[in-house]
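The values are calculated or read from the model by the stated rules, or taken from the named source; none is laboratory data. Everything numeric here is computed off the predicted structure, so don't read it as measured data. Cβ: placed from backbone, ideal geometry, glycine included. Neighbour counts: every protein chain shown. Only protein heavy atoms, including side chains, enter the accessible area calculation; ligands, DNA and RNA are left aside. Shrake-Rupley method; radii C 1.70, N 1.55, O 1.52, S 1.80 Å.
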Amino acid sequence: MIDNAIKNPKQADIVILGLPYYGTCGVSAPHAYKSFVKSFNSLSSFNFKTKEDAFDKYVIANPKPIKNYQTMESKIKSMYKGQQFIFIGGEHLVALAAIKALKPKRVLIFDAHADFFDKYSGKKESYATVTRRISELVDEVYLAGVRDLTEEEYSALKKSNVELISISEVQKIPKGDLYISIDLDVLDPSHCPDVSTPVPLGITMQDLVNALKTACLNNNVIGIDICELTCDRPGLSSTNASGLVMNYLWARR
Ligand SMILES: [Mn+2]
């Protein structure tokens, strides 16, 4: 139960932190983070296959969610004492604030969209420009699961440090430190309907969990975000988002 965990994020090994900001994607104040916490608390942290408990070795805090995008980066920085973060969005733009704060050199993004516009609705920082802004900050970006992109985005991608890969190619990523960003719309809408821009013919939860496990096995994962959960109440989407986090905790030991 993350509700039972210690409340001081500076004392934790892993911090699950809500970043429920939806400023550029037009979704109005959903209770997605609360739904996530509720669904997460209903899952057992004990993995009977490995006989390990996700919460035994690592203390998980549940600090106050950060809703304000402008202060997100500085608040994450002030909290950071070498612990690992699992951020729960919020629209995908919150990944940019997290990456600005943690400064990873390599990023793996799971997303149905390229999010590679230079500007969207007049904004440089938006859920639809986030991968482009991330690519300007880091050395390498691996983008997996994309099935919706424009010609403009495709030409810009080809000139960038972003490599478009399939889910099965996650195993080919060169080993090293890695930050992982998951836009839940990479999943098929039948697995996660509550996202702001669903795209048909996505991957399954099993595909995503397998890819996540592979990434954890081959790399030193320094942080992860799970974005675009937009549900108002607990259900399929928050359950699968929680399942991803639990499987990630089991995979990273
Ligand atoms: Mn996205």
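Here are a few things to note about the model shown:
- Only one of the listed residues (ALA101, ALA144, ALA156, ALA114) is away from the ligand (no atom under 16 Å from the Cβ) and at pLDDT 95 or above. That residue is ALA101.
- Taking every residue in segment 102-120 that is free of Cβ contacts under 8 Å to residues at least 60 places away in the same chain and open to solvent by 10 Å² or more (accessible area, probe 1.4 Å) and pairing it with any residue that is more than 8 Å from the ligand (Cβ to nearest atom) and assigned to a loop (DSSP other than H, G, I, E, B), at least 6 positions away or on another chain, the pairs with Cβ-Cβ distances below 9 Å are LYS103/VAL138; PHE117/SER126; PHE117/THR129; PHE117/THR150; ASP118/LYS124; ASP118/THR129; LYS119/SER126; LYS119/THR129.
- Matching residues, segment 7-26, being surrounded by fewer than 18 Cβ atoms within 10 Å (Cβ to Cβ) and at negative phi: LYS7, ASN8, LYS10, GLN11, ASP13
- Among residues of segment 121-159, those that are touching a residue at least 60 places away in the same chain (Cβ under 8 Å) and open to solvent by 50 Å² or more (accessible area, probe 1.4 Å), counted: 3
- In the set (1) in a loop (DSSP other than H, G, I, E, B); (2) within 16 Å of the ligand (Cβ to nearest atom), THR131 fails one condition alone, (1).
- Single unsatisfied condition, GLU91 versus (1) buried (at least 24 other Cβ atoms within 10 Å of the Cβ); (2) within 23 Å of ASN219 (Cα to Cα): (2)
- Every residue from segment 56-98 that is within 16 Å of the ligand (Cβ to nearest atom) and modelled with pLDDT under 90: none
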